[in-house]
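The values are calculated or read from the model by the stated rules, or taken from the named source; none is laboratory data. On a predicted model such as this, the values are computed, not experimentally measured, just so you know. Because the Cβ atoms are built from the backbone with ideal geometry, glycine has one as well, and the counts that use them run over all protein chains shown.
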Amino acid sequence: MGDAIFQQRSGYLGVGIVGRCGLLTPNQLAGLGDLARSLECRYCKMTTRQTLIFIIPENRLEELKAGVAALGLKVGVFGEIVRNVKACAGNQDLCQRALSDVFELGGKLQDHFMNRPTPCDFKIALAGCHRGCTDPLCADYGIIATSNDNYDVYIGGRGGSRKPVHATRIATSITGAGVSALLEHILKRYGVLGEPRERLCNTIKRVSLEAFLPPEGFLDPYRPSEENDFLNFAKW
Ligand code: SF4
């Protein structure tokens, strides 16, 4: 695991750049353009996981790192860790169908969990409605909004392989704070139960889904209600 910096067969370096759930401000976008030109970046590629790859000469890496940090962005991560959060266009500016502001939740999850070590790579996908444009059922931890600050959670999905696996729903109608608390629980269980380089879907297959479920009552404080809304707001 480490930074998403890869030596390419062409001799160039490929460097992954991460924004908050793929969101860029106009200044960041313009700054990246300037940076790409100044570094003789061969080209830039938007990835399926909402990162941006710069293909640069090897000797320009440190300048790229400094430029990316100055724009408030990060060099991506890879390997056996929690990856950047993939979120759909789910907010009131970007999609009419969004039932909740997924950038608000996704940004908090990314800030808190990205880069945490796990037995195998761990991918989080968040969708603002059941259409699931980010394929939340193909992620290790998939989140789908069902109404404002109300989410269903799925675990154990895997896409992009010869044997894709659909995730299983383990929670319905919990708040964003509940999504975060449940993710903390799942990561702890995965850390205990997972074998090195064992993807979550395979750990679930080996030890059972029940081994990952939270204890009874764990999610009760995160069910939307007036009293819980106040307590969760204070914690979150
Ligand atoms: S998942 Fe729903 S809210 Fe998100 S971009 Fe797709 S249609 Fe819009």
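Could you grab me the full set of residues in the stretch 171-214 that are at negative phi and outside any helix (DSSP H, G or I)? Write out each step before concluding.
Just the residues of the stretch 171-214 that are at negative phi, to begin with: 171-172, 174-196, 198-207, 209-214.
Listed by number, the residues that qualify are A171, T172, I174, T175, G194, E195, P196, E198, R199, L213, P214.
Could you please find all residues in the stretch 77-97 being in contact with a Gly (Cβ under 8 Å, 6 or more places away or on another chain) and over 21 Å from S180 (Cα atoms)?
F78, G79, C95, R97
Output the residues belonging to the stretch 62-108 that are within 16 Å of the ligand (Cβ to nearest atom), in a helix (DSSP H, G or I) and either under 19 Å from L32 (Cβ atoms) or in contact with a strand residue (DSSP E or B) (Cβ under 7 Å, 6 or more places away or on another chain) (or both). Give the steps one after another, and end with the answer.
Residues of the stretch 62-108 within 16 Å of the ligand (Cβ to nearest atom): 85-107.
Those still in the list that are in a helix (DSSP H, G or I) too: 102-107.
Of everything in the stretch 62-108, those that are within 16 Å of the ligand (Cβ to nearest atom), in a helix (DSSP H, G or I) and either under 19 Å from L32 (Cβ atoms) or in contact with a strand residue (DSSP E or B) (Cβ under 7 Å, 6 or more places away or on another chain) (or both) turn out to be V102, F103, L105, G106, G107.
For the subset of the stretch 18-31 comprising residues that are within 21 Å of D111 (Cα to Cα) and among the hydrophobic types (A, V, I, L, M, F, W, C), which member is surrounded by the fewest Cβ atoms within 10 Å (Cβ to Cβ)?
Checked the stretch 18-31; the qualifying residue surrounded by the fewest Cβ atoms within 10 Å (Cβ to Cβ) is L29.
In the stretch 109-149, what count of residues is obtained for those that are within 11 Å of the ligand (Cβ to nearest atom), in contact with a strand residue (DSSP E or B) (Cβ under 8 Å, 6 or more places away or on another chain) and not β-branched (V, I, T)?
11
I'm trying to understand the selection: among the residues of the stretch 150-172, which are more than 18 Å from E198 (Cβ to Cβ) and touching a Pro at 6+ places or on another chain (Cβ under 7 Å)? Working first, answer last.
Here is the first cut: in the stretch 150-172, the ones more than 18 Å from E198 (Cβ to Cβ) are 150-154, 166, 169-172.
Of everything in the stretch 150-172, those that are more than 18 Å from E198 (Cβ to Cβ) and touching a Pro at 6+ places or on another chain (Cβ under 7 Å) turn out to be N150, Y154.
Out of the residues in the stretch 191-235 meeting the condition of being modelled with pLDDT under 95 and touching a helix residue (DSSP H, G or I) at 6+ places or on another chain (Cβ under 7 Å), tell me which one is nearest to M1 (Cα to Cα). Before the answer, list the steps.
Of the residues in the stretch 191-235, the ones modelled with pLDDT under 95 are 223-235.
Restricting the remaining residues to those that are touching a helix residue (DSSP H, G or I) at 6+ places or on another chain (Cβ under 7 Å) gives 228, 231-232, 235.
Details: N228: 38, L231: 37, N232: 34, K235: 32 Å.
Filtering the stretch 191-235 for residues that are modelled with pLDDT under 95 and touching a helix residue (DSSP H, G or I) at 6+ places or on another chain (Cβ under 7 Å), the one nearest to M1 (Cα to Cα) comes out as K235.
Could you please let me know if G160 is within 16 Å of the ligand (Cβ to nearest atom), under 17 Å from the mean Cα position of the chain (by Cα), surrounded by fewer than 23 Cβ atoms within 10 Å (Cβ to Cβ) and not in a strand (DSSP E or B)? Walk me through how you get there before you give the answer.
Working: within 16 Å of the ligand (Cβ to nearest atom): no; under 17 Å from the mean Cα position of the chain (by Cα): yes; surrounded by fewer than 23 Cβ atoms within 10 Å (Cβ to Cβ): yes; not in a strand (DSSP E or B): yes.
No: the conditions fail for G160.
Return yes when L32 is on the phi < 0 side of the Ramachandran plot and modelled with pLDDT of 95 or more and no when it is not. So that I can check it myself, show each step before the final result.
Values: on the phi < 0 side of the Ramachandran plot: yes; modelled with pLDDT of 95 or more: yes.
Yes: the conditions hold for L32.
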